[in-house]
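What follows is calculated from the coordinates using simple rules that are stated; it is not laboratory data. Because the structure is predicted, anything quoted here is derived from the model rather than measured. Using ideal geometry, Cβ is built from the backbone for each residue, glycine included, and neighbour counts are taken over all protein chains shown.
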Amino acid sequence: MQAFIDKMRRRAGRYLDVRPVDIAPARGVFSLSFDDIPVTAWTEAGPILAEHGIKATYYVCGGLAGGSNMDLPQFETDHLLALHEAGHEVGCHTYEHVSTLTLSPGELDASLARNAAWVAERLDDHVMTTFAYPFGDAALGSKAVIDRRFLCGRGVRDGINSGSADRNLLQAIGLESRRLPGYDLQRMMADTAASKGWLIAYGHDVMDGPTPYGCTPDDLDRVIRLAKAADLDILPVGAGWERVAA
């Protein structure tokens, strides 16, 4: 019964309280993001991003620092400092890495405030401006909280943001071994260019033999090359928002 209730609540969050924004960049935009920040999302992905000369968004949960998630070691503060100093965007993913379906609006706001303070203390008062929902779960009451605190919120529902989109639940595709075989990435890049849309990708670990939620270094390299071949602007999510939001 609880699974059914949660499914209905996810559907409500997806289709209700939509806060539309017109997506209208001069040309298509592609954004890369990494959730939770397993160590390899920086140690393996960082050199690939540097080789291509692009920046990504790393969605951080302060409560995961130095710990384990999905049986993988998570980032240390030194990793966060290094990726921030390299010019990558640091965005918010709640403090505890908890589904918004389990939180009241007040509890969610407290988690976001705690994460904001944790990040600001370590990154010289850095203010996070974009958000990604843990597990992609956007409870209906959470969207107003996200709207007050951030430029935009990103979910995990497949698709290209084009025409009109929900600023508090942007669509994205998963750079995940369980999802990648189902995508025609070349076509998606071409469609993003043709529609002058915004394609956002999210991943987790980056390594040979990734978890179902991660990808290989070759997968990451390929998706970047395809975005470049489609002549898309490749920007972190915050900069992408500034480029696409009409």
With the radius of gyration and the Kirkwood radius both derived from the Cα set of segment 127-244, what is their ratio Rg to Rh? 0.96
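How high is the relative contact order of the chain, given as a whole-number percent (alpha carbon pairs under 8 Å, six or more residues apart)? Let's see the in-between values first.
Values: 530 pairs, mean separation 74.5, N = 246.
The value is 30 percent.
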What list of whole percents do you get for P(r) of the chain, with Cα-Cα distances grouped in 5 Å bins up to the one holding the largest distance? 1, 7, 15, 19, 21, 18, 12, 6, 1, 0
Let me know the Rg and Dmax you get for segment 26-172 when you use only its Cα atoms, in Å. 14.8, 43
Label points 7 Å out from Cα along the Cβ direction at Asp124 and Ala24: separation in nm? 3.7
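For segment 86-186, report the translational diffusion coefficient in µm²/s to the nearest whole number, using Stokes-Einstein at 4 °C, 1.567 mPa s, and a Kirkwood Rh over Cα pairs. Each step should come with its number before you reach the end.
Working: Rh = 14.6 Å.
Approximately 89 µm²/s, per Stokes-Einstein.
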Between Met70, Met128, Met189, which gets the highest mean-square fluctuation from a Gaussian network model of the chain, Cα cutoff 10 Å? Met70
With only Lys, Arg, Asp and Glu charged, each at its Cβ (+1 for the first two, -1 for the last two), find how big the charge dipole of the chain is about the Cα centre; round to the nearest 20 debye. 1060
Select from Asp166, Asp71, Asp191 the residue whose mean-square fluctuation is largest in a Gaussian network model of the chain (Cα-Cα springs shorter than 10 Å). Asp71
Please build a GNM for the chain, connecting alpha carbons under 10 Å apart, and tell me which residue among Gly66, Gly182, Gly46 fluctuates the most. Gly182
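Please find the FRET efficiency linking Ser68 to Arg179, where r is the Cβ-Cβ separation and R0 is fixed at 30 Å, and quote it to the nearest 0.05.
Working: r = 23 Å, r/R0 = 0.77.
E between Ser68 and Arg179, to the nearest 0.05, is 0.85.
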Dipole check, segment 2-244, charges on Cβ (K,R +1; D,E -1), about Cα centroid: among Pro47, Gly159, Val237 the Cα furthest to the positive pole belongs to Gly159
Contour minus Cα-Cα distance for Asp78 and Ser195 (0.36 nm per residue): 38.2 nm
Taking every DSSP bridge whose two residues both lie in the chain, the antiparallel percent to the nearest 5 is 30
